[in-house]
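> Quick one: the structure is below, and I'll ask about it shortly.
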Amino acid sequence: MTSSQSDSSLVKSAERTVRILETLAASPKRLSISELQEIMGYPRSSLHALVRTLRELKWVEADDSGATFGVGPHALLSGTAYLDRDPALPHVYEALEDLRSEIGYTVHYARRDDGHVLYLGSRESRDAVRVVSRVGRRLPAHLTALGQALLAELTTVEVDKVLPDVLEAYTPHTVTDRPALHEELTRVRDRGWAVEHEQGTTGVACVAAAVHYRIPATDAISCSMPAELATEAEVERVATAVVRAATALAGTLRRNGIR
């Protein structure tokens, strides 16, 4: 819901259904009805009925005891349909493969979703010990290089409008001071790319650049690397490659009439 929409513009049952799915998707563990009620504040009877309906339709599934719930297989069908119908993504996947081959690190592609970024593509480093795809994950924009690259496309007023009042911290390095974030976004605009050191994940640094096939840019491409390898020289090398890949991808998308 955008800031211009009022609560009265939403159908209550539909809104609650979507919020339940979003809450379950964001949780690292299955949640009980009591936990959902504590998080969401909805009446227990309403929650019970909505979760039961979602479970019957396979958008929600329960554990063996039937006491805790998580997203079900039909939620995956909906998500993959979104990816399958995006005309930009076949070109994105090719660009990610080429960039990973060039720099050797894990690369990502994401789209801004208000004050968050939604990961749409990912290619892990070939020597990664543990491969966990970020595709489908949604993270706060202020603590990712992808998000900072895209927030820098907005004015200061627009940034404040899309971000929450309180900036969440994922690590001790996350920038949660709003003036400090605005200063960083100014630096991103000046140099044309974003970099963060362990703001989203301890031990990981990331470089990102916006893909300018829309105005303002909604998508960005990034590279993640071990923080201990993120020297000034290495960050510059990776940033040059990421900006070049983002520029080339934007040109490809525009030539193919993708907006």
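The values are calculated or read from the model by the stated rules, or taken from the named source; none is laboratory data. Quick caveat: nothing in here was measured; it's all calculated off a predicted structure. Glycine also receives a Cβ, built like all others from the backbone with ideal geometry; neighbour counts cover every protein chain displayed.
> Only one of (1) among the small types (Gly, Ala, Ser); (2) over 20 Å from Thr247 (Cβ atoms); (3) surrounded by fewer than 20 Cβ atoms within 10 Å (Cβ to Cβ) fails for Gly192. Which number is that?
Status for Gly192: all satisfied but (2).
> Given the conditions (1) among the basic types (Lys, Arg); (2) surrounded by 14 or more Cβ atoms within 10 Å (Cβ to Cβ); (3) in contact with a helix residue (DSSP H, G or I) (Cβ under 7 Å, 6 or more places away or on another chain), and given that Arg44 satisfies all but one, which numbered condition is not satisfied?
Here Arg44 clears every test but (2).
> I'd like to know if the stretch 71-80 contains one or more residues that are touching a strand residue (DSSP E or B) at 6+ places or on another chain (Cβ under 9 Å), modelled with pLDDT under 95 and in a strand (DSSP E or B).
Yes, the conditions are met somewhere in the stretch 71-80.
> What do you reckon, is Leu21 in contact with a Ser or Thr (Cβ under 8 Å, 6 or more places away or on another chain) and over 30 Å from Val157 (Cα atoms)?
no
> Out of the residues in the stretch 98-108 that are among the hydroxyl-bearing types (Ser, Thr, Tyr) and under 20 Å from the mean Cα position of the chain (by Cα), which is surrounded by the most Cβ atoms within 10 Å (Cβ to Cβ)?
Ranking the candidates gives Tyr105 first.
> For Gln148, state whether it is of a type in the set (S, T, N, Q), assigned to a loop (DSSP other than H, G, I, E, B) and either at positive phi or in the same structural domain as Pro226 (by TED's automatic domain parsing) (or both).
no
> Pick from the stretch 8-32 the residues that are surrounded by 15 or more Cβ atoms within 10 Å (Cβ to Cβ) and aliphatic (A, V, I, L, M): which of them is farthest from the chain's Cα centre (by Cα)?
Across the stretch 8-32, the extreme among qualifying residues is Leu31.
> Looking at Val238, Val243, which is the one that is crowded, with 16+ Cβ neighbours inside 10 Å, within 21 Å of Leu120 (Cβ to Cβ), in the same structural domain as Tyr93 (by TED's automatic domain parsing) and in contact with a helix residue (DSSP H, G or I) (Cβ under 7 Å, 6 or more places away or on another chain)?
None of the others qualify; the one that does is Val238.
> So Arg111 fits all but one of (1) free of Cβ contacts under 8 Å to residues at least 60 places away in the same chain; (2) surrounded by 12 or more Cβ atoms within 10 Å (Cβ to Cβ); what number is the exception?
(1)
> Please verify whether the stretch 149-165 includes one or more residues that are of a type in the set (Asp, Glu) and surrounded by 19 or more Cβ atoms within 10 Å (Cβ to Cβ).
Yes, because at least one residue in the stretch 149-165 is of a type in the set (Asp, Glu) and surrounded by 19 or more Cβ atoms within 10 Å (Cβ to Cβ).
> Cβ-Cβ distance below 8 Å, separation of 6 or more or different chains: which pairs start in the stretch 74-96 with a residue that is among the acidic types (Asp, Glu) and end on one that is crowded, with 17+ Cβ neighbours inside 10 Å?
As it stands, the answer is Asp86/Leu120, since those pairs meet every condition given.
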